[in-house]
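Step one of this worksheet: look at the structure below.
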Amino acid sequence: MDFRKLLENRRSVRQFEDRPVAIQLVKEIINDSIKAPNASNKQAWNFIIIMNKEYMKKLSDVSRLGFIKSVERNPNSPLKEYAVNLKEKKKVNFFHDAPCLVYITGPTSVSTIREDGGLLAAYFMLSAASRGLGTCWIGFGGGIRDKAVLKELGLPPGHHLISPIVVGYPKDGNLPTMPERREPVILKIIK
């Protein structure tokens, strides 16, 4: 697939067909994604793959409650409106009933792990799109603070969840259209 076409096909997909994504395919996508640039070539990232929808629903509920509590602890939080909405909507599924969820994780001791994980996530989503799969980075899904749940997930001590990405076949094969993009703002060109 032409690179520009690939960029257009990488959309945030939130409606998936009810069919599994083969674990081997997920591993191939991960193998592509580890070619991402990373500081000092540390390659400090790790992955947690979840293919159980009921467990993903549990993680969604834990993330939702954790987010609400974190906003309540900070009365000046700019995220108050989200917390209010999430309190009212108790049946929210952050992971959109996707057949697969991949957490990109990494050690907190690596100062660039969030940047490295972000680059890797972009490669992951592009690789998935090249295979006809849809993805969505779920920001709310990374807020799990419950130590028992993190242990259950297999997250080692001193590591954190960086990028939760759902993966699946877009419902009816339809990709959302790309929203209009604003012209880039180039602040200055120095010659």
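What list of ³J(HN,Hα) values in whole Hz, one per residue of region 21-34 in order, does the Karplus curve 6.51 cos²θ - 1.76 cosθ + 1.60 (θ = phi - 60°) give from phi, with Gly and Pro shown as x?
Along region 21-34, the couplings run 9, 4, 4, 4, 5, 4, 5, 5, 5, 4, 4, 5, 5, 6 Hz.
Please report, in Å, the Rg and the Dmax of region 1-102, where both are computed over Cα atoms only.
Cα-based Rg and Dmax for region 1-102 come out at 17.5, 48 Å.
How do Met51, Met1 line up, fewest other C-beta atoms within 10 Å first?
On the way: Met51 17, Met1 12.
Going from sparsest to densest Cβ surroundings: Met1, Met51.
Which residue fluctuates the most in the chain, going by a Gaussian network model with Cα springs under 10 Å, if the choices are Ile138, Ile162, Ile23?
Among Ile138, Ile162, Ile23, the largest GNM mean-square fluctuation belongs to Ile23.
Hull surface divided by four, with the convex hull built on the Cα atoms of region 108-191: how many nm²? Before the final figure, lay out each step's value.
Details: hull surface 37.2 nm².
Over all viewing directions, region 108-191 projects a mean Cα-hull area of 9.3 nm².
Please find, in a Gaussian network model of the chain (springs between Cα atoms separated by less than 10 Å), the residue of Pro179, Pro157, Pro75 whose mean-square fluctuation is greatest.
Maximum among the listed residues: Pro179.
Which cross-chain or sequence-distant (5 or more) residues have an amide H under 5 Å from the amide H of Cys136, H modelled 1.01 Å from N in plane?
Counting only residues 5 or more places away or on other chains, the set is Val13, Val166.
Express as a percent, rounded to the nearest 5, the fraction of DSSP beta bridges in the chain (both residues included) that run antiparallel. Write out the running numbers ahead of the final one.
Values: 18 of 19 bridges.
In the chain, DSSP labels about 95 percent of beta bridges as antiparallel.
Report relative contact order for the chain in percent, whole number only (criteria: Cα-Cα under 8 Å, sequence separation at least 6).
On the way: 289 pairs, mean separation 69.5, N = 191.
Relative contact order comes out at 36 percent.
What list of ³J(HN,Hα) couplings, whole Hz, do you get for region 157-164 from phi and the Karplus terms 6.51, -1.76, 1.60, once you set θ to phi - 60° and write x for glycine and proline?
x, x, 10, 9, 7, 9, 9, x
Could you list which residues have their amide H under 5 Å from that of Ser77, counting only those 5 or more apart in sequence or on another chain, with H placed in the peptide plane?
none
Write down the Å³ per residue value for the convex hull defined by the alpha carbon atoms of the chain.
Cα-based convex hull of the chain, divided per residue, equals 177 Å³.
Cα centroids of region 104-142 and region 44-103: how far apart, whole angstrom?
Cα centres, region 104-142 to region 44-103: 17 Å.
If a paramagnetic tag sat 7 Å from the Cα of Asn85 along the Cα-Cβ line, which residues of region 6-34 would have the backbone N under 16 Å from that point?
14
Using modelled backbone amide H atoms (1.01 Å from N, in-plane), which distant-in-sequence or interchain residues come within less than 5 Å of His160's amide H?
Those qualifying (amide H under 5 Å, at least 5 residues apart or on another chain) are Gly106, Thr108.
Most mobile of Ser111, Ser40, Ser12 per a Gaussian network model of the chain (Cα springs, under 10 Å)?
Ser40
Quick one: Karplus J couplings for region 118-128, per residue in order, coefficients 6.51, -1.76, 1.60, θ = phi - 60°, nearest Hz, x for Gly and Pro?
Per-residue couplings from phi come out as x, 5, 4, 4, 4, 4, 4, 5, 5, 4, 4 Hz.
Which of rounded, prolate, oblate describes region 63-106, given a ≥ b ≥ c as roots of the alpha-carbon gyration tensor eigenvalues and a/c under 1.5 marking rounded, otherwise prolate only if a/b is larger than b/c? Intermediate values should be presented prior to the final figure.
On the way: a/c = 3.16, a/b = 1.55, b/c = 2.04.
It is oblate, given that a/c is not under 1.5 and a/b is not larger than b/c.
Trypsin sites (Lys or Arg not before Pro), restricted to region 21-87: which are DSSP loop and have at most 12 other Cβ atoms within 10 Å?
Details: sites: Lys27, Lys35, Lys42, Lys53, Lys57, Lys58, Arg64, Lys69, Arg73, Lys80, Lys87; in loops: Lys35, Lys42.
Answer by residue number: Lys35.
Laboratory data are not the source of any read-out in this text; all were calculated from the coordinates shown. Computed from a predicted model, the values in this text were never measured in an experiment. Please note: Cβ atoms are built from the backbone with ideal geometry, for glycine as well, and neighbour counts cover all protein chains shown.
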